[in-house]
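A short write-up of the structure that comes next.
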RNA sequence: GGAAAAGUGGCCGAGAGGCUUAAGGCGGCACCCUGCUAAGGUGUUGUGUGGGGUUACCUGCACCGUGGGUUCAAAUCCCACCUUUUCCGCCA
């Protein structure tokens, strides 16, 4: 395995202790970890980490011993000086010791940095229950809700409907920015806003989430905490001359809220939800989903984020996924739930359910929510911990998040699925108090 | 953007090159005393990383905003940066 390093200068110190994967677990179960990692892709291996780790520990032991010696000798010098003795000889001796220590420390720092960088580039270990596969074709549909919408007329794609009804001004969006930027207007803008408010109200009033409105730009340390950096730099928009990136999802700022902190177990589980625009360069997506609202550089999303104890994380993950499903059910949109296989889950995730909504123009289901469990992977990177009540030990939390839901895609699904023979679009009942109109 | 001051454990706060193994207090935990409560007494109290036993145990090293430097020796001196507070400027 060859790893191309991207050296990230982490200014925020609180992450210096964080390891991406538990080096102790790696040391103790190398075969098991390798086997699980290779389920993602045979390229992955922790062998290099182990080699560096062994050398690193050797050096540290040596350096520690020398430091202990210097400490003792220096104290001795202090005493001798107080007694008026001559200390020239011993001072010279300890000075040489200092040179040795410095050399070892340099070596140790180098190895620390190297190990850290290798670890930063290794993905999370898939959960045992994540189906093994080699491509998205190996994902498994586990349930469906509703039926694909049937029409007794020729249904239109949302991009045509949006243009006809002046809901989205695609051309002028491009003029203002670039291709794949959209300009909502009139009832279109209102519908988008209605969907955002509906989702936030549901999560906060019925499901117990705290509403968060985070910054839309985040620094490199924050981006590293959730796993966007160092490996996926090219997918993000970066501000010139600033250590700031436009967030690709609210997951980034919200998950990092307690980075470097130790929570009480009483604080868990923590439920947070946030609306933010999401900015993605969509590098490598040229030619995919080129029309309409499905794949754009800036889109709106309401995200759900949870911190839990390791014990509760599988159950909380299921519950969060249900919270996402509920949104689709309330809106009356047909969807299915898919278990992503080891080749398709995200870099930082160990398990992931996708919710896919029926989209008539595609004649298939299209991802509208991705609900992932990250185990302690993000918590390690961001150094988010809690104190276990029973044992008094400090442990890493588990982080979970999912879309609840992607707003633009919800918009498209509503427009397409609820279009009528007479050309109107019926607004779902639950949205009407937010839109102020019942059809377009 | 300019000027000044400050960043020490969960919190407050002392410390100004070696007697710091970071005082003292608050809070937390355990036990003792007391008919209950209150008060009192005693002890304990962070994080990371390495080593040895390989369950709760023992031990080394590091950590006083961050990173460098000076020194035999740095919380303490020097430099840069970050953050906070106050004042000035600008501004929705």
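Here are a few things to note about the model shown:
Residue by residue, here is whether (1) away from RNA strand B (no atom under 16 Å from the Cβ); (2) surrounded by 12 or more Cβ atoms within 10 Å (Cβ to Cβ) holds:
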site	(1), (2)
A:55	no, yes
A:81	no, yes
A:99	no, no
A:135	yes, no
A:142	yes, no
A:155	yes, yes
A:162	yes, yes
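- Among the residues of segment A:291-319, not one is free of Cβ contacts under 8 Å to residues at least 60 places away in the same chain and within 28 Å of residue A:177 (Cβ to Cβ).
- Subset of segment A:368-388 (residues that are within 15 Å of RNA strand B (Cβ to nearest atom) and farther than 19 Å from residue A:127 by Cβ): A:382, A:383, A:384, A:385, A:386, A:387, A:388
- Residue check, residue A:423 assigned by TED's automatic domain parsing to the domain that holds residue A:209, away from RNA strand B (no atom under 16 Å from the Cβ) and over 32 Å from the mean Cα position of the chain (by Cα): yes
- Only listed residue being buried (at least 24 other Cβ atoms within 10 Å of the Cβ) and at pLDDT below 95, chosen from A:381, A:385: A:381
The values are calculated or read from the model by the stated rules, or taken from the named source; none is laboratory data. Remember, it's a predicted structure, so these values are computed and weren't measured experimentally. Because the Cβ atoms are built from the backbone with ideal geometry, glycine has one as well, and the counts that use them run over all protein chains shown.
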